[in-house]
Amino acid sequence: MKILTQWLRAFLPALPVNDAQLAEDLTLRGIAVEGIYDLGAGNGSLYEMDITTNRVDAMNHYGVAREAAAIYGLTLSPLTFELPKPRPSAKDFSVKIEAEDVCGRFTARVLRGVKIGDSRDWFADAEVATYFGLLEQKKISNAVDATNFAWLLMGQPTHAFDLDKIEGGIVVRRARKGEKLKTLDGIERTLDAEDLIVADHGKPLGLAGVMGGWDTMITPETKNVLVEAAWFDPMAVRRTARRHGLHTDASHRFERGADFNAAPVASAIVASILLAGGGHIEGDLVDVRVPAIEAKTAQRRPVALVLSEVRRLLGTTIDQEGIPAETVEKVLTALGCELTMQQVSALRASELAGQHEDAAWEVTLPSWRLDIEREIDLIEEVARVYGYNGFANTLPAFGEGVKALPWAEAEAAVRATLRAAGFHEAIASTFCSAADAALTAPQPGLVVPLGNPLSEEAGVLRPSLAPGMLTMVAGNLHRDVSDVRLFELGTVFSGSTEKVEERPALAFGAAGALPEQSTLHAAREIDFYDIKGVVEQVLSRFAMDSMYFDRFPAEAGLTPEWLHPYRSARIAADGITVGWFGQLHPREAAARKLKETVLVGEIYLDRLYKLPVRKPAAREVSRFQPVRRDFSLVVDKSVRWESIDAAVAALGIPELVEWRARELFHDPKLGANEYALLLGATFQAPDRTLRDDELQEWHARVVEAVSKAGARLRS
Amino acid sequence: MTNEAIPNLTAFDEASLDKAFAQLEQQARDSAAAIDGSEAVEAFRLEWLGRKQGRLNDVSGKWLKAAPAEAKKLLGQKFNALKATVEGLLEQASGAGPSDAALAAEAIDITLPGTKRLTGAEHPITKTLNEIVGVFAALGYLVGVGPEVETDFYNFESMNFPPGHPARDTQDTLVVANQERRPLRDRLLLRTHTSPVQMRTMEKQPPPVRIVIPGKVHRNDAADATHSPIFHQVEGLCVDANITFSDLKGTLDHAMKALFGSSAKTRFFPSFFPFTEPSADVQISCIFCGGKGCRKCKQSGWIELLGCGMVDPAVFAFAAEKQPAYDPKKISGFAFGMGVERIAMMKYGVSEIGQFYAGDMRFLSQFV
């Protein structure tokens, strides 16, 4: 919105500051001036304004001038327009408000013998030409310019009809379903029974408060004019405008609440501009009001305001005086309120004894400020005009102790583990395509679609983090970034359009080399076991009795479809599935044009978070020498490490403190279905040095156990 | 103790010399390894380096003299190397460690780049979120979260956006499909701000409340350099007896100084949010130019950073339906909300908001 300082100063001849200072002062009071443009000597400045939607009353010159008057304590010149005496009419023009719930006021003024044409500089002090010129507002015709002028000056929409095309009189009513109206934009519209219209006795003339009709518009041939200035209900206008996909200056204002009392003044402005080119007024202004709506707008009940409440909510000011009663009165009066001082109740006065002298008022509200309804709204006005930066910076008393989210520690542990493993945290889209959702949803059929998606690719709420992860991994590989290690912690969604469940999840994806940068050592490609190691490390941050990995036969249909069925694993913690990981299914890799091996997985954090984060606990470190024994084994390919591991564990030798597969290699000297495995075992006692005979005995027991599991000692 | 005699050397070709010296070196090492106690150290010294009977003395006496002229140079080099090794062994044995010469033989090129085990980076949004949350946690705020899919009631109605209110237009909303037949307040949508968690918190807990709420929010906005349909906010809520507008100012002034440095200044402007009254926008002195005016702050010296205000009594009225203690005559409170992306973009000089969501390794690795 554009505002001319020259026009503002017309209402505030004593304005004591220059345009730059005025802009600053207005901005600090919430009437934000975003840009100032110098219009040249004597022309003042043009302000580019950004005014919040609640302050529709200030979206015009008179409204901004009123704010300036309040800031500087000036008196605002009233808006008065002297009209020539009307010629009498035989009969008042007929106006009927049928829709009394949504049209509060309708004024109609009949002008006869006007000349439609250029609005030359007829109007008082050539204001139209001057202001329109500075605003770069195009002049169209005196009829259009007149309504625009009223709009720019005071923000009241008006409309001019060709009187001779109106049959009978005006009726404000709801449309009948199926009625037709061609609006000023040339579009033929079919009306709905909800639409609020201005009609005559035979047909719709316009969408009330939104846009006028084509057939009754002013043309160069128009001789007689009917000027409309009215008050329409915000919701009714909004519904009509929305239904027809229209957003006009008029609908913008009415939707946010127009000034009930502005209609006669706006009508007078339009009439005086039109009459400057000739013609006369016929009859008095027809002014039909609905008392019920007037009571809710122009004649609202006064609001009680108490000074101690102002202080209770606003707190300390930099000025030690605080906010005195006179400031409250001055500010609110300047904004158009009328204050009547009330007796402060004895109780309240005694409560406040020794603090401040309290004061109480009954405040009558201005008709143009429908956003002010309650005591708090008045307090805001006081704070606003007093200036927010006049308040001190104080701190409230400290609250109770800090309590983090229940899973904050778990989340931090997961993040730290993945970062330490060389994975960058990423954030992907919350949405995915229906196809990707079908592929990755842990519970097919529980995918939630959006009603107004951003695109088809983002049509549903993601049921899994896998689609986003694959998109990000592919994005890197397609940009020739070959080493990728990403993870995401995010929300996944399941359910129906009636009820949506949200769960935290973790996804990770990797391709290319391990996260090591070395001159001397060759880079190694990341593989299944690297990812498994990361998963094990993540899980090991949680206290659990068992952690295992398994794979299901293809016919079970349990493995997620996006994973390679023979190079993927289910992750189980304490017997509960907490996730899946492995190599991306070659079919999906091909579908995403990926030639590289991509490793990817997802962990259901809601399930993992049910387990407590493992608390480190120190154990006595034995002072006695550990003894390491290596077992060089030959293992049949059908035998899995898991069974050897379990066989060793089952021995239950307390002194066998650690064992693991140290090396695995294929030796051409062995049979085709065999491989060599080096099993390393460490024996240690907390309280003594181990004896040779016990070591020999344990050695034999380990050999026996692994033999039963299908491995033999290499001779 | 007499030393084992040095054998006579008959062949002086390189291979023979190598073999002979290797044998001696091994003997010296074995003998050094067997040293136990300071007397043995002295014995080792006498055995090998003794001026009269030392074995090295013998070597020089027997071998060097017997060597033909053409082999003398090589033999001399080998002798010196052996002597250095023995001296090194002696120093080691006597606690002085190996000789400098011995160490010099182990020299490496330290200008080659170090081997790096690469670690992952915290996402700049997570980092910024955590920083903001940390500031308020230190002020005694609890951390809360809420669902990303919300009902119209929590996202709009209870935040004082009445049905059909124009303020709803300012937040283009992504909605879940098939909501048209449901009552308005039950309709599901992607929350457009973290403010609904204010209501969810108050419904569960009577005052006092001090809570900070980080979260992901969504709007049906076309993506450009500074807009994204996905973004993050941090919301704060403080409700108690005697919470004032000046407390709001002081709290946010402190928070901005904690986040941007103690020289950051704040100023407050009237603004409009349906769920607060009075409402304010907060600007901080430009973190790039310190307030002098630059391109980043459009020469104004100020940068707009967050919205805030005193909790509107209408919001308390919704909370009071479940927790009657939210009586706006007895308690008061303030709320604030800030966009995390905007702050992260400023702090880290990110020019395209979309980079936060692309998972590009080249972008993310900068935040390690």
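For chain B, the Cα gyration tensor yields ellipsoid semi-axes of 83, 22, 20 Å (square root of five times each eigenvalue, largest first, whole Å).
Note on segment A:408-608: with charges restricted to the Cβ of Lys and Arg (+1) and Asp and Glu (-1), its dipole about the Cα centre is near 280 debye.
Averaged over peptide B:271-277, the number of partner chain Cβ atoms lying within 10 Å of each residue's Cβ comes to 4. Separation of segment A:46-122 and segment B:93-166, taken as the distance between their Cα centroids, equals 59 angstrom.
For the protein assembly as shown, which cysteines have no disulfide-compatible partner, meaning no other cysteine Cβ under 4.7 Å? Singleton cysteines: A:Cys103, A:Cys337, A:Cys432, B:Cys238, B:Cys308. Using Stokes-Einstein with the Kirkwood hydrodynamic radius over Cα pairs, what translational diffusion coefficient do you get for segment B:14-105 at 37 °C and a viscosity of 0.692 mPa s, in µm²/s rounded to a whole number? Once the numbers are plugged in, D ends up at 240 µm²/s.
The angle between the Cα long axis of helix A:408-420 and the longest principal axis of the Cα atoms of chain A comes to about 60 degrees, rounded to the nearest 10. Charging the Cβ of each Asp and Glu at -1 and of each Lys and Arg at +1, and nothing else, the dipole of the protein assembly as shown about its Cα centre rounds to 1060 debye. For chain B, modelled as a GNM whose springs connect Cα atoms under 10 angstrom apart, the maximal fluctuation among B:Pro68, B:Pro162, B:Pro113 occurs at B:Pro68. Per residue of peptide A:423-435, the mean number of Cβ atoms on other chains within 10 Å of the residue Cβ is 6. The convex hull around the C-alpha trace of segment A:209-349, projected and averaged over every direction, spans 14.6 square nanometres. Look at the stretch A:450-459: the mean tally of other chain Cβ atoms within 10 Å of its residues' Cβ atoms is 5. Remark: for residue pairs B:Lys265/B:Lys292; B:Lys257/B:Lys330; A:Lys532/A:Lys615, the C-alpha separation exceeds 21 Å in B:Lys257/B:Lys330; A:Lys532/A:Lys615. Protection proxy ranking for B:222-228, A:294-300, A:59-65, using the average of other Cβ atoms within 10 Å per residue and placing the highest first: A:59-65, A:294-300, B:222-228.
Each residue of segment A:174-191 is assigned a 3J(HN,Hα), and the resulting list reads 7, 6, 8, 4, x, 4, 10, 8, 8, 8, 4, 7, x, 9, 7, 10, 9, 8 Hz, derived from the Karplus form 6.51 cos²θ - 1.76 cosθ + 1.60 (θ = phi - 60°), x at Gly and Pro.
Going by neighbour counts of Cβ atoms within 10 Å, the residues A:Tyr72, A:Tyr131, A:Tyr529 line up, fewest first, as A:Tyr529, A:Tyr72, A:Tyr131. Using the alpha-carbon positions of the protein assembly as shown, Rg (one decimal) and Dmax (whole number) come out as 42.4, 153 Å. Roughly how many whole Å is it from the C-alpha centroid of segment A:646-697 to that of segment B:298-368? Between the Cα centres of segment A:646-697 and segment B:298-368 lies a distance of 58 Å.
D by Stokes-Einstein for segment A:95-296, Kirkwood Rh over Cα pairs, 4 °C, 1.567 mPa s: 77 µm²/s.
Any chance you could give the angle, 0 to 90 degrees and rounded to 10, that helix A:142-154 forms with the longest Cα principal axis of chain A? So the inclination is approximately 60 degrees.
Stokes-Einstein, applied to the Kirkwood radius of segment A:351-502 over Cα pairs at a viscosity of 1.567 mPa s and 4 °C, places its translational diffusion at 60 µm² s⁻¹.
Quarter the surface of the alpha carbon convex hull of segment A:8-166 and you get the mean projected area, 12.3 square nanometres. A convex hull fitted to the Cα coordinates of segment A:408-608 yields 130 cubic angstrom per residue. Here B:Lys83 is the anchor, and the lysines within straight C-alpha reach of less than 24 Å, apart from those fewer than 8 places off in the same chain, are B:Lys19, B:Lys52, B:Lys62, B:Lys65, B:Lys72, B:Lys73. For A:Thr53, A:Thr219, B:Thr10, the sequence from fewest to most other C-beta atoms within 10 Å is B:Thr10, A:Thr219, A:Thr53.
Legend: residue pairs A:Lys499/B:Lys204; A:Lys115/A:Lys177; A:Lys2/B:Lys296, Cα-Cα distance threshold 29 Å; pairs beyond threshold, A:Lys115/A:Lys177. Ranked for footprinting exposure by Cβ neighbours inside 10 Å, fewest first, A:Ser546, A:Ser45, A:Ser622 give A:Ser546, A:Ser622, A:Ser45. Annotation: average projected area of segment A:627-713 is 5.4 square nanometres, based on the convex hull of Cα atoms across all directions. Straight-line cross-link partners of A:Lys180 among the lysines, defined as a Cα under 27 Å from its Cα and at least 8 positions apart when in the same chain: A:Lys96, A:Lys165, A:Lys203, A:Lys223.
Considering all different alpha carbon pairs of segment A:303-390, the Kirkwood hydrodynamic radius works out to 13.3 Å. The simple Förster model, with R0 at 45 Å and r as the Cβ-Cβ distance, assigns B:Thr119 and B:Lys298 a FRET efficiency of 0.70. A straight Cα-to-Cα reach below 12 Å connects B:Lys322 with the aspartates and glutamates B:Glu203, residues fewer than 8 places away in its own chain not being considered. Taking Cα atoms only, the orientation of helix A:234-243 departs from the longest principal axis of chain A by about 70 degrees. Based on DSSP H segments of at least four residues, each scored -39500 (n - 2.57), the protein assembly as shown has a per-residue ellipticity at 222 nm of -9000 deg cm²/dmol.
Taking a ≥ b ≥ c as the square roots of the eigenvalues of the alpha carbon gyration tensor, segment A:566-700 is oblate, as a/c is not under 1.5 and a/b does not beat b/c.
Every read-out reported here was derived from the displayed coordinates using simple, explicitly stated rules and does not represent laboratory data. As the structure is a prediction and not an experimental result, all values here were calculated from the model. Don't worry about glycine lacking a Cβ; one is built from the backbone with ideal geometry, like all the others, and counts go over all protein chains shown.
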